[in-house]
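K.L.:
I am attaching a structure below and will ask some questions about it afterwards.
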Amino acid sequence: MNQRKWRYLLPVVLIALAALSGCSIDQRLNALDPSGSAGEIQLDLINWSIMLMLGVFAIVITIYIYVLIRYRKRKGIERMPEQVHGNTKLEVIWTVIPIIALIVLAFPTVKYTFDLDEKPQGDDVIKVKVIGYQYWWEFQYPDLGITTAQELVIPVNKKVSLELEGKDVLHSFWVPNLGGKTDVVPGRINHMWLDAKKPGEYQGKCAELCGPGHSLMDFKVYAKEQADFDKWVASMKQPPKQAVSEIDKKGEALYKQNCMGCHAGATPQVPGPELNNFALRETIAGMLPNTEANLKKWIKHTEDLKPGTRMPKINYLQEDELDALTHYLMNRKSKTEK
Amino acid sequence: MGTLIIVTVALLFLTAILTGGYNQRFLDQVKNSVVWDYITTVDHKKIGILYFISGLVFFVIGGIEALLIRIQLVAPGNDFLIGDAYNQVLTMHGTTMIFLAAMPLIFGLMNVVVPLQIGARDVAFPFLNALGYWLFSFGGILLNLSWFFGGAPDAGWTSYTSLALNEFSPGPGVDYYVLGLQITGIGTLMSAVNFAVTIINMRAPGMTFLRMPMFTWTTLVTSALLLFAMPALTVGLLLLMFDRLFGANFFDHAMGGSHVIWQHLFWIFGHPEVYIVIMPAFGIMSEVISTFSKKRLFGYNSMVFAVALIGFLGFMVWVHHMYTVGLGPVSNSVFAIATMTIAVPTGIKVFNWLFTMWGGELDFKTPMLFAVGFIPTFVMGGMTGVMVALPPADFQYQDTYFVVAHFHYTMVGGTVIGLFAGAYYWWPKMFGRKLDERLGKWHFWPFIIGFHLTFFPQHFLGLFGMPRRVFTYNDVPILQTLNIISTIGVIGMTIGTLAFMYNIIQSFRRKADAPADPWNGRTLEWAIPSPPPAYNFKQLPLIRAYDQFWISKQTGKEIEPSEPLGEIHMPSPTYLPFLMSLAMFISGFGFITRGYEMGALGLILFFIVMFIRSYEHDPGYHIQPDELTGVEKEAKA
Ligand SMILES: [Cu+2]
């Protein structure tokens, strides 16, 4: 990678320019500063093509400016330009040179296209099934027996093999820092792979228009060190601890009455996200920070917060009932801590 | 439905009362009015004007929609226009701009200019020409009625299923899209046939293919593209119509259908479509640059070759819109290479334009100003085009603002700027009046500066994680700043467009006194008065070279006529195309509102009028030689 560093110059310059102008870039959402191999491959090609294109642009613009200045009509001078028909030599040059340039560009393109399509093999590959719903994401780890929503947790430096499946409409799975997107197509199963080279939080987005809530169909990817990941897996695998306090018991009853139909029901009317370990979540519906106040807001105002969402507004609960319900959910996690 | 009938009847009564009932004088008045003249016209120049004006109207509507989008995006979390309403606006913006603004503006210029450039008296099928226009315009009106009756389509201009199916887009929105575009599309297909036949069959004697002006060449290639591309859309729309109206399951995966099929059909049409709208702009560039450089077009033959090649390759690249669908690396690689190939002929064109200017005497009148503005913007659009053609890189760009920036550089920086150049260039020929040069500068500078301000930052928005078609974005300073700049740019484009509108209005306030050849032109349309008489050429010219008109001006010899002065046969005006289109409109509206009786009624009406047309004896009329000279004298006086 080292000898190719110069090609990273351009994005670096651009980012520096942007930073100078007073706006810092969100490092969780930036295709020009990837933290995974897939993203690096893509950036490499982006750089190649930008360099080539800037070269072309420089040539064109030089001729252009020269011509505009040199041959503009001057006042008082009537001149009859020579009516040339063409120039075979020149025409051959500007046909052949681009062809060569494009052939050069075609090699890495084809190679990378195949590289990115390879399905990672081996024991330490994490398999995840990604399901896109209007407007939320479900992540299933078939080998680990875990299901989460809105938050994909992965260990660092391990290839993650994603199997993407659509249920309702098209969505597109995109984590700019880790790698480009793959569509989630109902009736099809698509594959892609990712890895994260350093631990951290990365932003994901749905990139295909999927209805009124499309803009808010966000998710997060958390890359954890192996040990932390294992801990997370262990706590996710346990059933949530029993409700003991009065308020939690009341909350659990309300939850079973009002919410189980969609959330973790056996045959959901409308499939809703898994809430078993809801207390471990950092966001609600992929967009609000997970606090009790926000949870109340979400339950009462779903559609106002996320247009078109399939979860109806639940505004018929008494104030104390809502308190109990949210208290219960905010504490819903397994015995072993995160 | 009931309301509609009541309103119609009331309107009829009102006209009756205001005009004193049905009587002969009223009929005469109507028949002599300009409106009636345009409704029944089959003259290619008037139809061209109709196309052009309708295109401008829709351009303004689409522009207002764009303005709304940019206002919403000025700050993250803004709630000016969100959710479904936002999706309606973005869908209608795209659909309007492509189908109802760019296409008719192009057809407008083609209609006015092509027959004149090839030395013809009219197009091959004047009736079809009128029918094409009216179908287009009623289709466009139908599509826009959605705003008032039931909500606009909201599944994007690409209308991907399953979002566009009943289950996920209930309500009539997408039905308007399907039927509106279907009706417009029939019109477009007819016009394409018409232009192709006109150019192939009606060239003046001696005008061989390789003596045809560049704009005519691009029109020919565009027509060929339309001829093969439109059917794919027609089929797609028909299947979607069956899915939505009659419960078929072509696109429902749960019932054995496929969503990917829609994407294929759409893009088999859609990719040629983007060349359909850029190709005529290439033609305009070639004419304008050559005229205002006072030089013959550099490398004419290679230009023709490049246009034909771009048209041909345009059909083999549609999958580059679908790299992320998961069609596999083999398919992605093949289409990537095909797409990259297109850069070569495009490059040839750009260099040919540069070398047309090289050694010329560049006169920066407004058309030339736009043509000169076109080159770098279009080159940038082409460059990002090569970048998005590479699948691995495109995985990052796809469906983000990077792509939005790319295609606006080609569609606005290319097509629209090209059309503006064409408008200023041919305005005298269309209306007999020049547009004002000073206002032209007020049009050009704010527009081009605003354009770059709006769309250049969008490349970075995409790379910094902003998908397209979103009404909000993450609250981070960089996205915020770039979006504000982008919105500010719209002000420039608005000022430019307003200056253009004002310029147009001003031009109609002045006397129609434009000379036949205001720009020292090179092609045949400048050899006849502005605006040309109904029959265009008193005697069809005899062509001996490319740029015949220029050559005859240089040598001081008039273009020889190829026929003696004689009577000229003209097609007679007819209101049948208008009626047929109205019938289609009624039928479409019926199907959309699920009033199947009305839908069937409209279709029956359509076939009745078609039947009338088939059995009607319409010999046209003749203009006598002495009338011809009379008109000429009047025009000269
Ligand atoms: Cu989505």
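K.L.:
Based on what the data block shows, is A:Thr147 more than 16 Å from the ligand (Cβ to nearest atom) and either open to solvent by 10 Å² or more (accessible area, probe 1.4 Å) or over 16 Å from the mean Cα position of the chain (by Cα) (or both)?
P.N.:
Yes: the conditions hold for A:Thr147.
K.L.:
Could you grab me the full set of residues in the stretch A:77-86 that are open to solvent by 60 Å² or more (accessible area, probe 1.4 Å) and either hydrophobic (A, V, I, L, M, F, W, C) or closer than 24 Å to B:Asn352 by Cβ (or both)?
P.N.:
Let us first name the residues in the stretch A:77-86 that are open to solvent by 60 Å² or more (accessible area, probe 1.4 Å), namely A:77-80, A:82, A:85.
Correct list: A:Ile77, A:Arg79, A:Met80, A:Glu82, A:His85.
K.L.:
Let me ask you something else. Quick check on A:Pro312: is it away from the ligand (no atom under 16 Å from the Cβ), without any contact (Cβ under 8 Å) to a residue 12 or more places away in the chain, within 30 Å of B:Gln88 (Cα to Cα) and open to solvent by 30 Å² or more (accessible area, probe 1.4 Å)? Working first, answer last.
P.N.:
On the way: away from the ligand (no atom under 16 Å from the Cβ): yes; without any contact (Cβ under 8 Å) to a residue 12 or more places away in the chain: yes; within 30 Å of B:Gln88 (Cα to Cα): yes; open to solvent by 30 Å² or more (accessible area, probe 1.4 Å): yes.
The answer is yes for A:Pro312.
K.L.:
Follow-up. Give the stretch B:37-54 a look and list any residue that's in contact with a Phe, Trp or Tyr (Cβ under 8 Å, 6 or more places away or on another chain) and assigned to a helix (DSSP H, G or I), or say none.
P.N.:
Applying the first criterion (in contact with a Phe, Trp or Tyr (Cβ under 8 Å, 6 or more places away or on another chain)) to the stretch B:37-54 yields B:39-40, B:42, B:46-51, B:54.
Residues satisfying the conditions are B:Ile39, B:Thr40, B:Lys46, B:Ile47, B:Gly48, B:Ile49, B:Leu50, B:Tyr51, B:Ser54.
K.L.:
Further question on the same structure: How many residues does the stretch B:536-581 contain that are in contact (Cβ under 8 Å) with a residue 60 or more places away in the chain and open to solvent by 60 Å² or more (accessible area, probe 1.4 Å)?
P.N.:
Looking only at that region, the number is 4.
K.L.:
Restricting the search to the stretch B:263-290, which residues are within 13 Å of chain A (Cβ to nearest Cβ) and open to solvent by 10 Å² or more (accessible area, probe 1.4 Å)?
P.N.:
The one that is within 13 Å of chain A (Cβ to nearest Cβ) and open to solvent by 10 Å² or more (accessible area, probe 1.4 Å): B:His264.
K.L.:
Of all residues in the stretch A:161-203, which are facing chain B (nearest Cβ under 9 Å) and over 18 Å from A:Trp136 (Cβ atoms)?
P.N.:
Those that are facing chain B (nearest Cβ under 9 Å) and over 18 Å from A:Trp136 (Cβ atoms): A:Pro176, A:Asn177, A:Gly179, A:Gly180, A:Gly187, A:Arg188, A:Ile189, A:Asn190, A:His191, A:Met192.
K.L.:
Would you mention how many residues in the stretch A:151-204 are open to solvent by 10 Å² or more (accessible area, probe 1.4 Å), among the charged types (D, E, K, R), within 16 Å of the ligand (Cβ to nearest atom) and within 16 Å of the chain's Cα centre (by Cα)?
P.N.:
Summing the residues that are open to solvent by 10 Å² or more (accessible area, probe 1.4 Å), among the charged types (D, E, K, R), within 16 Å of the ligand (Cβ to nearest atom) and within 16 Å of the chain's Cα centre (by Cα) in the stretch A:151-204 gives 1.
K.L.:
Among (1) open to solvent by 10 Å² or more (accessible area, probe 1.4 Å); (2) assigned to a loop (DSSP other than H, G, I, E, B), there is one condition A:Ala253 misses while meeting the rest; what is its number?
P.N.:
Result: A:Ala253 fails condition (2) only.
K.L.:
Of the conditions (1) in contact (Cβ under 8 Å) with a residue 12 or more places away in the chain; (2) outside any helix (DSSP H, G or I); (3) surrounded by 21 or more Cβ atoms within 10 Å (Cβ to Cβ), B:Asn474 satisfies every one except a single condition; which number is it?
P.N.:
With respect to (1) in contact (Cβ under 8 Å) with a residue 12 or more places away in the chain; (2) outside any helix (DSSP H, G or I); (3) surrounded by 21 or more Cβ atoms within 10 Å (Cβ to Cβ), B:Asn474 is out only on (3).
K.L.:
Further, regarding this structure: Out of all the residues in the stretch A:96-134, which are closer than 30 Å to A:Ile50 by Cα and either open to solvent by less than 20 Å² (accessible area, probe 1.4 Å) or at the interface with another protein chain (Cβ under 7 Å from one of its Cβ atoms) (or both)? Lay out the reasoning, then the answer.
P.N.:
To start, the set of residues in the stretch A:96-134 that are closer than 30 Å to A:Ile50 by Cα comprises A:96-120.
Result: A:Pro98, A:Ile99, A:Leu102, A:Leu105, A:Ala106, A:Thr109, A:Val110, A:Tyr112, A:Thr113, A:Phe114, A:Leu116, A:Asp117.
K.L.:
For the stretch A:265-286, how many residues are more than 24 Å from A:Lys205 (Cα to Cα) and touching a Leu at 6+ places or on another chain (Cβ under 7 Å)? Before the answer, list the steps.
P.N.:
First pass over the stretch A:265-286, keeping only residues more than 24 Å from A:Lys205 (Cα to Cα): A:265-269.
If we keep only those that are touching a Leu at 6+ places or on another chain (Cβ under 7 Å) as well, we get none.
Number of matching residues: 0.
Listed here are the residues, each with its yes/no results for (1) within 14 Å of chain A (Cβ to nearest Cβ); (2) more than 30 Å from B:Ser286 (Cβ to Cβ).
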position: B:Arg70; (1), (2): no, yes
position: B:Asn78; (1), (2): yes, yes
position: B:Asp84; (1), (2): yes, yes
position: B:Val89; (1), (2): yes, yes
position: B:Leu105; (1), (2): no, no
position: B:Ala130; (1), (2): no, no
position: B:Ser137; (1), (2): no, no
position: B:Leu142; (1), (2): no, yes
position: B:Ser162; (1), (2): yes, yes
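K.L.:
Pairs only if they're at least six apart or on different chains, beta carbon under 9 angstrom, first in the stretch A:316-328 and assigned to a helix (DSSP H, G or I), second among the aromatic types (Phe, Trp, Tyr); list them, first residue then second.
P.N.:
As it stands, the answer is A:Leu325/A:Tyr255; A:Tyr328/A:Tyr255, since those pairs meet every condition given.
K.L.:
For A:Val92, which of the numbered conditions (1) buried (at least 16 other Cβ atoms within 10 Å of the Cβ); (2) of a type in the set (A, V, I, L, M); (3) more than 9 Å from chain B (Cβ to nearest Cβ) fails to hold?
P.N.:
Every condition holds for A:Val92 apart from (1).
K.L.:
So, in the stretch B:254-266, exactly how many residues are under 27 Å from the mean Cα position of the chain (by Cα) and without any contact (Cβ under 8 Å) to a residue 60 or more places away in the chain? Outline the logic, then answer.
P.N.:
Within the stretch B:254-266, the first condition is being under 27 Å from the mean Cα position of the chain (by Cα), and the residues that meet it are B:261-266.
Adding the requirement that they be without any contact (Cβ under 8 Å) to a residue 60 or more places away in the chain leaves B:261, B:264-265.
So the answer is 3.
K.L.:
Among (1) within 16 Å of the ligand (Cβ to nearest atom); (2) away from every other protein chain (no Cβ under 11 Å); (3) surrounded by fewer than 23 Cβ atoms within 10 Å (Cβ to Cβ), where does A:Trp137 come up short?
P.N.:
It is condition (3) that A:Trp137 fails.
K.L.:
When you scan the stretch B:354-422 for helices (runs of 4 or more DSSP H) that lie fully inside it, which ones turn up with 2 or more residues that are more than 10 Å from chain A (Cβ to nearest Cβ)? Full working, then the answer.
P.N.:
Numbers: elements: B:366-388, B:391-397, B:401-410.
By residue number, B:366-388, B:401-410.
K.L.:
In the stretch A:77-84, is there at least one residue being at pLDDT below 90, in contact with a Phe, Trp or Tyr (Cβ under 7 Å, 6 or more places away or on another chain) and facing another protein chain (nearest Cβ under 7 Å)?
P.N.:
So in the stretch A:77-84, the residues at pLDDT below 90 come out as A:77-84.
Filter again for in contact with a Phe, Trp or Tyr (Cβ under 7 Å, 6 or more places away or on another chain), leaving A:84.
Within this subset, residues satisfying the condition of being facing another protein chain (nearest Cβ under 7 Å) are A:84.
Looking through the stretch A:77-84, at least one residue is at pLDDT below 90, in contact with a Phe, Trp or Tyr (Cβ under 7 Å, 6 or more places away or on another chain) and facing another protein chain (nearest Cβ under 7 Å).
K.L.:
Which residues, counting only those in the stretch B:364-405, are over 21 Å from B:Phe451 (Cα atoms), open to solvent by less than 10 Å² (accessible area, probe 1.4 Å) and among the polar types (S, T, N, Q)?
P.N.:
Result: B:Gln396, single match.
K.L.:
Can you tell me which residues in the stretch A:271-305 are surrounded by fewer than 14 Cβ atoms within 10 Å (Cβ to Cβ) and of a type in the set (A, V, I, L, M)?
P.N.:
Selection gives A:Ala293 alone.
K.L.:
Further question: Which number in (1) open to solvent by less than 30 Å² (accessible area, probe 1.4 Å); (2) part of a helix (DSSP H, G or I); (3) more than 9 Å from chain A (Cβ to nearest Cβ) marks the one condition that B:Leu435 misses?
P.N.:
Against the list (1) open to solvent by less than 30 Å² (accessible area, probe 1.4 Å); (2) part of a helix (DSSP H, G or I); (3) more than 9 Å from chain A (Cβ to nearest Cβ), B:Leu435 comes up short only on (2).
K.L.:
Which is in a helix (DSSP H, G or I), more than 29 Å from B:Gln548 (Cα to Cα), modelled with pLDDT of 95 or more and open to solvent by 20 Å² or more (accessible area, probe 1.4 Å), of B:Leu233, B:Leu220, B:Leu238? Please lay out each step first, then the result.
P.N.:
Numbers: B:Leu233 fails: open to solvent by 20 Å² or more (accessible area, probe 1.4 Å); B:Leu220 fails: more than 29 Å from B:Gln548 (Cα to Cα).
Within the list B:Leu233, B:Leu220, B:Leu238, the selection yields B:Leu238.
K.L.:
How many of the residues making up the stretch B:55-97 are part of a helix (DSSP H, G or I), closer than 23 Å to B:Gln480 by Cβ and among the β-branched types (Val, Ile, Thr)?
P.N.:
Final tally of qualifying residues: 3.
K.L.:
What is the number of the single condition among (1) more than 16 Å from the ligand (Cβ to nearest atom); (2) small (Gly, Ala, Ser); (3) within 14 Å of chain B (Cβ to nearest Cβ) that A:Ser245 does not meet?
P.N.:
A:Ser245 satisfies all of (1) more than 16 Å from the ligand (Cβ to nearest atom); (2) small (Gly, Ala, Ser); (3) within 14 Å of chain B (Cβ to nearest Cβ) except (3).
K.L.:
With respect to B:Leu50, is the statement that it is touching a residue at least 60 places away in the same chain (Cβ under 8 Å), over 21 Å from B:Ala499 (Cβ atoms), away from every other protein chain (no Cβ under 14 Å) and not polar (S, T, N, Q) true? Before the answer, list the steps.
P.N.:
Values: touching a residue at least 60 places away in the same chain (Cβ under 8 Å): yes; over 21 Å from B:Ala499 (Cβ atoms): yes; away from every other protein chain (no Cβ under 14 Å): yes; not polar (S, T, N, Q): yes.
Judged against the criteria, B:Leu50 is a match.
K.L.:
Is there a residue in the stretch B:149-170 that is over 20 Å from B:Arg594 (Cβ atoms), surrounded by fewer than 22 Cβ atoms within 10 Å (Cβ to Cβ) and of a type outside the set (Phe, Trp, Tyr)?
P.N.:
Yes.
The values are calculated or read from the model by the stated rules, or taken from the named source; none is laboratory data. Model, not experiment: these values are computed from the prediction. Cβ sites come from the backbone with ideal geometry, for glycine too, and all protein chains shown count toward neighbours. Protein only, heavy atoms only, side chains kept; ligands, DNA and RNA dropped before computing areas. Shrake-Rupley method; radii C 1.70, N 1.55, O 1.52, S 1.80 Å.
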